[in-house]
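What follows is one structure encoded as structure tokens, with my remarks underneath.
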Amino acid sequence: MDVCAVVMAAGEGKRMNTRHSKVAQWAAGRPIILWVAKALHGVGAKEQVYIVGHKQEEVRAVLGEDVAFVLQEKQLGTGHAVMQATPFLEGRNGCTIVLPGDAPLITSETLRAAIELFEKGDYAAVVVSAIADDPTGYGRLVRDPDGNVTRIVEDRDATDEEKQIKEINSSFYCFRTPLLISALGRIGAQNAQKEYYLPDTIEILISDGHKFGAYIAPFDETRGVNDRIELQQAGKILNRKICARHMKNGVEIIDTETTWIDDTVEIGKDSVLLPGTILRGNTKIGEDCLIGENTRIEDSIVLDGTTVENSVLRTCVVGKNCRIGPFSHIRPDSVLGDNITIGAYVEVKNSTVGDYSRARHLTYIGDAQVGKNVNFGCGTVTCNYDGLDKSACIIRDNVFIGGNSNLISPVTLNENSYIAAGSTITDDVPELSLAIARAQQINKDNWVVKKDRLRSSKLIQPDRRRGGI
Ligand code: UD1
Ligand code: CA
């Protein structure tokens, strides 16, 4: 069967109270319209048309070049939105699935099941419905005493009795394409919002003598996102599903409420994610890793057996059995080997670091090529920027750098050399040598007494905060 898809994404989304497009808002690591697009992808629709209007540039940017867009200049309702796609649909015979751009929890399975029901049952249209504990805000399916759907009534237009109905319209539909076009031409806007409602096509099709069906899906899949509370709820549900998938694959997640994993992330068996872990984009975590607490890793690869605690990693590679953190920042284009230690307040940027090297505390490694088994003393700084250009620092295997050393780049520290603590290194250091680059110390005898600078033995208490905190 010829399947086309029309996605409604032009609405203003007033209830979201944002300057941006509602459907471009993010839930669980991607814009909500892309969740809809992902579910649609699994259906195999030949032609896909996205109806855009309000903040259309944002929606187009999110969806990219591969889909077709149709402009709905004035947002006069969901029926009016689909009308804009008629030039695409005319002359087609199969089915048109209509999707709301603001319902990110729908799955391909449910869409396929609805299409299957549609195909089997000789229907003019099938709607995906759901039974909601709290149906407030949704359109309701009105059924006659025999259980046949007779129409869909919007929440705002519903009588008190109709508001008691718990079966809601998800706004996902399957229409026989020529019948959809015919019904769209006949809907009016005589309702509370003075809009052209797509659900009004149902009553028209039924009065034309056609059959109309409903596929009842789990409510969670049909949730629409209209405001920030629903956005947060949808994000939580999506994230819980992603966490569940990883747990089934053998990943231990201590707290799925505070662990956020993008749909695109891969994690190996027996890795443990502690609370506050955020894994984003094209991140791959190996097996037996320990990540967290409070760690964000974006577009990075972390190999087996590595620990990352309280740290931020972006677009980098970390080898096997490394220990990163607490409080490390690994910035883009850094490649760390195996068995490396990067500790507290250490930042690495655009650098390679060889196996078994260590920078345990307070160090900046920028634009550097670091060999194997290098020791960075506490407070080592590669001075890579002169205000105009960035320069490279080359540190070869087995170099030992004493604490509080400045390495003024470009500079090379050759194999097996030592840097004395407190040095400011401006020249290359030959292999097997010790470089000392600091001022000679002078001790002035009895200076404290001569200058009357003896410190009082009265100890000062730290200030206490008000309120007993
Ligand atoms: C709609 C349905 C309601 C259903 C609910 C499910 C109508 C009239 N109501 O209500 O029965 O229970 O979805 O979530 O269809 N849009 C446009 N152009 C417009 C108006 C809307 O493209 O002129 C798009 C919006 O961007 C959105 C989608 O259509 O993605 C739904 O619109 P929205 O205003 O959110 O409809 P609801 O009030 O939620
Ligand atoms: Ca909606």
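Taking the criterion of being surrounded by fewer than 20 Cβ atoms within 10 Å (Cβ to Cβ), among the basic types (Lys, Arg) and outside any helix (DSSP H, G or I), would at least one residue in region 167-184 satisfy it?
No, region 167-184 contains no residue that is surrounded by fewer than 20 Cβ atoms within 10 Å (Cβ to Cβ), among the basic types (Lys, Arg) and outside any helix (DSSP H, G or I).
Restricting to region 1-54, give me the number of residues that are small (Gly, Ala, Ser), in contact with a helix residue (DSSP H, G or I) (Cβ under 6 Å, 6 or more places away or on another chain) and not in a helix (DSSP H, G or I).
8
Would it be correct to say that Val62 is surrounded by fewer than 22 Cβ atoms within 10 Å (Cβ to Cβ), in contact with a Pro (Cβ under 6 Å, 6 or more places away or on another chain) and closer than 27 Å to Gly235 by Cβ?
So Val62 passes the test.
Show me the strands (runs of 3 or more DSSP E) found entirely inside region 384-427 where at least 3 residues are in contact with a Leu (Cβ under 6 Å, 6 or more places away or on another chain) and touching a residue at least 60 places away in the same chain (Cβ under 8 Å).
Result: empty, no element qualifies.
With the structure loaded, tell me whether Ala158 is farther than 22 Å from Gly121 by Cβ, within 12 Å of ligand 1 (Cβ to nearest atom), without any contact (Cβ under 8 Å) to a residue 60 or more places away in the chain and surrounded by fewer than 20 Cβ atoms within 10 Å (Cβ to Cβ) or whether it fails that test.
Yes, satisfied.
When you look at Lys14, is it without any contact (Cβ under 8 Å) to a residue 40 or more places away in the chain and within 11 Å of ligand 1 (Cβ to nearest atom), yes or no?
Yes.
Could you please let me know if Val126 is within 14 Å of ligand 2 (Cβ to nearest atom), within 15 Å of Cys4 (Cα to Cα), at pLDDT 95 or above and not in a loop (DSSP other than H, G, I, E, B)?
Spelling it out, it is not the case that Val126 is within 14 Å of ligand 2 (Cβ to nearest atom), within 15 Å of Cys4 (Cα to Cα), at pLDDT 95 or above and not in a loop (DSSP other than H, G, I, E, B).
Given the conditions (1) surrounded by fewer than 17 Cβ atoms within 10 Å (Cβ to Cβ); (2) free of Cβ contacts under 8 Å to residues at least 12 places away in the same chain, and given that His210 satisfies all but one, which numbered condition is not satisfied?
(2)
Being among the small types (Gly, Ala, Ser), more than 21 Å from Lys14 (Cβ to Cβ) and within 12 Å of ligand 1 (Cβ to nearest atom) narrows it down to one of Ala68, Ala85, so name that one.
Ala85
Among the residues of region 318-349, which ones are touching an Asp or Glu at 6+ places or on another chain (Cβ under 9 Å) and in contact (Cβ under 8 Å) with a residue 24 or more places away in the chain?
Listed by number, the residues that qualify are Gly319, Lys320, Gly325, Ile330, Gly337, Asp338.
In the set Val142, Val67, which member is touching a strand residue (DSSP E or B) at 6+ places or on another chain (Cβ under 7 Å), more than 16 Å from ligand 2 (Cβ to nearest atom) and more than 28 Å from Lys46 (Cβ to Cβ)?
Testing whether each residue is touching a strand residue (DSSP E or B) at 6+ places or on another chain (Cβ under 7 Å), more than 16 Å from ligand 2 (Cβ to nearest atom) and more than 28 Å from Lys46 (Cβ to Cβ) leaves just Val142.
Do you know which residues across region 192-219 are more than 16 Å from ligand 2 (Cβ to nearest atom), part of a loop (DSSP other than H, G, I, E, B) and not small (Gly, Ala, Ser)?
Once the filter is applied, which keeps residues that are more than 16 Å from ligand 2 (Cβ to nearest atom), part of a loop (DSSP other than H, G, I, E, B) and not small (Gly, Ala, Ser), region 192-219 yields Lys194, Asp208, His210, Lys211, Pro218.
Among the residues of region 70-102, which ones are away from ligand 2 (no atom under 16 Å from the Cβ) and in a strand (DSSP E or B)?
Across region 70-102, the qualifying residues are Val70, Leu71, Cys95, Thr96, Ile97.
Taking the condition away from ligand 1 (no atom under 12 Å from the Cβ), touching a residue at least 40 places away in the same chain (Cβ under 8 Å) and touching a strand residue (DSSP E or B) at 6+ places or on another chain (Cβ under 7 Å), does Ile131 pass?
yes
Would region 65-81 turn up any residue that is of a type in the set (D, E, K, R) and under 28 Å from Asn17 (Cβ atoms)?
yes
Enumerate the pairs (first residue in region 87-110 and farther than 30 Å from Ala234 by Cα; second residue anywhere and in a helix (DSSP H, G or I) and within 16 Å of ligand 1 (Cβ to nearest atom)) with beta-carbon separation below 8 Å, excluding pairs fewer than 6 apart on the same chain, so at least 6 apart or on different chains.
Leu89/Leu180
Do you know which residues across region 98-115 are within 16 Å of Leu198 (Cβ to Cβ), over 24 Å from the mean Cα position of the chain (by Cα) and either within 14 Å of ligand 1 (Cβ to nearest atom) or surrounded by fewer than 24 Cβ atoms within 10 Å (Cβ to Cβ) (or both)?
Correct list: Val98 only.
Any residue in region 220-234 that is of a type in the set (A, V, I, L, M, F, W, C), touching a residue at least 24 places away in the same chain (Cβ under 8 Å), away from ligand 2 (no atom under 16 Å from the Cβ) and crowded, with 16+ Cβ neighbours inside 10 Å?
No, region 220-234 contains no residue that is of a type in the set (A, V, I, L, M, F, W, C), touching a residue at least 24 places away in the same chain (Cβ under 8 Å), away from ligand 2 (no atom under 16 Å from the Cβ) and crowded, with 16+ Cβ neighbours inside 10 Å.
The values are calculated or read from the model by the stated rules, or taken from the named source; none is laboratory data. The shown structure was predicted, so the numbers you read here are calculated from the model rather than taken from an experiment. Methodologically, a virtual Cβ is constructed for each residue, glycine included, from the backbone with ideal geometry; neighbour enumeration extends over all protein chains shown.
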